[in-house]
1. Which value at 222 nm does chain A reach when only helices count, each DSSP H run of 4 or more adding -39,500 (n - 2.57), with the total divided by all residues and rounded to the nearest 500 deg cm²/dmol?
2. Determine the principal axes of the Cα atoms in segment B:62-197, then give the extent along each, sorted from largest to smallest and rounded to whole angstroms.
3. I need the GluC sites (Glu not before Pro) found in segment B:214-269, filtered to DSSP loop residues with at most 15 other beta carbons within 10 Å of theirs.
4. Counting other Cβ atoms within 10 Å of each Cβ, which GluC sites (Glu not before Pro) in segment B:100-187 have at most 13 and sit in a DSSP loop?
5. When you have a sec, figure out the Kirkwood radius of segment B:429-577 from all distinct Cα pair distances and drop it here in Å to one decimal?
6. Please report the orientation-averaged projected area of segment B:256-576, defined via the convex hull of its C-alpha atoms, in nm².
7. Mind sorting B:Lys557, B:Lys182, B:Lys118 by how few other Cβ atoms lie within 10 Å of their own Cβ, fewest first?
8. In Å and from the alpha-carbon atoms only, list the Rg and Dmax of segment B:3-120.
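Every number here is computed from the coordinates shown, using simple stated rules; none is lab data. Note that the structure is a prediction, hence the values are computed from the model and not measured. Cβ atoms come from the backbone with ideal geometry, glycine included; neighbour counts cover every protein chain shown.
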Amino acid sequence: MEKEGINSPGYEIPEEIEGVVSITSIDRIYNWGRRSSVWPLMFGLACCAIEMIATAAGRYDFSRFGMEVMRPSPRQADLMLVSGTVTKKMAPTIVRLYNQMPEPKYVVAMGACASGGGPFKEGYNVVSGVDKLIPVDVYIPGCPPTPQALINGLIKLQEKIDGQSIKTVRWYQKGDTAAIPVPMLGPDLIYQSSIPAIKEAAQEEA
Amino acid sequence: MTESDFATRLNDRFPEGVTADEREGYQGYIIAADKLIEFATALRDEFEFDYLSSVTGVDYPDEGKLEAVYHAYKTIGGAELVFKVQTDRENPEIPSLIDIYPGADFQEREAWDLLGIKFTGHPDLRRILLWEGFEGHPLRKDWQEAYYEADKKPFKSRWPKAEYTRAEAKNPYGANVKYPDKFDPEKWVPEGEDALYGSLAKYETTDKDGLKTDHLTVNLGPQHPSTHGVFRIAATLDGEKIMNLNPVMGYLHRNHEKIGERNTYLQNMPFTDRLDYLSSLSNNFGYAIAVEKLIGIEVPERAEYIRVIMAELTRVQNHLFAIGMFLNDIGAFFTPSLYAIEERELVLDVFEMVTGSRMMCNYLRFGGLARDLPDGSLQKIRDLVFDRLPRKTDEMDRFLSENEILRSRTVGQGYLSTEDAIKYSAAGPVLRASGVPYDIRRADPYSIYDRFKFDVAVRYNGDIYDRYYIRLDEIRESIKILQQAVEQIPEGEIQTGKPRYQMKVPKGESYGRVEGPKGELGFYLVSDGTGNPYRYHVRAPSFINLTAFGPMCKGLKVADVVAVLGSIDIVLGETDR
Ligand code: SF4
């Protein structure tokens, strides 16, 4: 075990046992375990996915960060790397996938499209960023972000994980975490939360 | 046969109902709707235009008309024949050509979806890119999206003064949505997917003991590791056998054409990068050719050479990636693709050095290029094409092609006959692996391809194996072209005249096409004489190649579907646009 990876400073360890003993906090070791094995969902949306593949491949190799195990099933994934344009037709599926991922789960919005709609923002079938649907932990700018930028974003995510405490993380709180309501495909995309507003607008017209 | 001969022959054959299109800058013929079937049949059977490459539509609200535009070719080579059918905008009906050219299937559905042209006689006229229940036909000129600001770019608000409010702030729902008047979301019943499942003919089999079996419907995707993105397949099965299969797309429909008609001509260049995002330089090439045809501008020698070099490098890296991913699909999980990506990275280094970006190159300009080759890049390309790439291609061939598992999964599977390949308007490697030696670089040469010695790669078995192997062939041919091009490239200008950012384009239409790595990539442009295209349509090979996907899969096992799909090599950015 790396000393600085897991040891909490402030505790004196006698010299004789320095090599075999580490003193640490639960948070530290819990986060160290999680941050070193973030499994992404194998899920590519658009052009950014190609850079994601390039990052997974030999030259950039994000398995150095414990992230190489891409899981095609959301049930086994910790991280949703939203790599590309989120369209309205795809929106219900993305929310459903997110809901199917077990806690702890994280979302990284990779690229301009996933962060805010990108070059296609004005399009009639484009959702202006995946954060309109699900909560996002890290945004990575770029169109597409280079592999270096992606890795930088993933390191940011690891830093975020490092900062969490087992006492306060949402998945150990009492009660169930509510699933995110799945938007519907109507004449246009219908967010469940905007149904009252749509009704109101219809009544005003009438 | 010369052009005028052809016109006379056509006139003799169709004294009525076929007239030359005499609008300024337009070409081809206008066919009366009731003559269309007869005309198309004669075209295919008597005039040898056996390949219908593109079907699309244009909306002319001022004249109250919708127009369907068809581009047909001979597979023996030569230029295109354009014909059009006009119909009333209020009740647009045009007979479907699906019986004569089955390749029109998806394209007619697309024109119905986006423009609302009803193709009578089409057996399955559903929306294809959007979903059933969507309000309106977005490519109609009077259809406006939720974030609509103005008809043309640059928007007044951004230029010369940048007074930009976020689009969300202007929308009552704070999002990119709008609803029809008096829409009540609680009473609204989703259309569901009955139409989709209905289109998959249901079977019931009875075995010899009189036991009846229903058939099972399964879905694959849109999130599935082997669909190369957000692609969905709906199929009915009998046991493990595919009885019927329908691709479902549109999960990456990013409204290229609507946005493209608002952009200026040059603004579209970076958008073309994002069509087939693996081969942005080929996309640039096709679009540049289409616009250059419209404005009638020449390209300097050196620029032509650089274009060809870049386009062929693109083909090499695209095919490498395609082979890698195809091997992934049939179970050689990631090892071959790691080898392939290793080589691809070297090509991407060249792209980054020359254009400034690894993937989204945005490098071509009308009449030239954005910038010249930087110092040292030519040497880098030379090293690649004379040494590394040929060696590595042979190595891949040696490692993979004789592999027993690969062969037993692919030889004789997913058969597409020569006739069917033409019939379904398949293009590129899919067409050539079925024994049609049709390559636009040879059949209808553009740029300077007529100067290079290379063979048109062709294979004759039409199975998955041939579609895999032909990509290796094509890499080798591309390397041949590259070797000649880097030897011959002259010094000189890279741009005709001054670079132009905003220009008026003469009235008319044009169709520019290139042999992209995935097949014929065409851009159909209509100009109304302003700085923005009036109509901007992309003939996307990935999309049209999928027409043959269903028929190819019939009777195969489920696991083979994935191999067939991998062998077509689609990119969703282009399929859905
Ligand atoms: S951010 Fe750019 S590269 Fe990424 S998906 Fe969007 S358009 Fe493609």
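1. -9500 deg cm²/dmol
2. 55, 45, 28
3. B:Glu240
4. Sites meeting the loop and neighbour criteria: B:Glu163, B:Glu186.
5. Its Kirkwood hydrodynamic radius stands at 17.9 Å.
6. 15.1 nm²
7. The order, fewest Cβ neighbours first, is B:Lys182, B:Lys557, B:Lys118.
8. Taking only Cα atoms of segment B:3-120, I get Rg and Dmax of 13.6, 40 Å.
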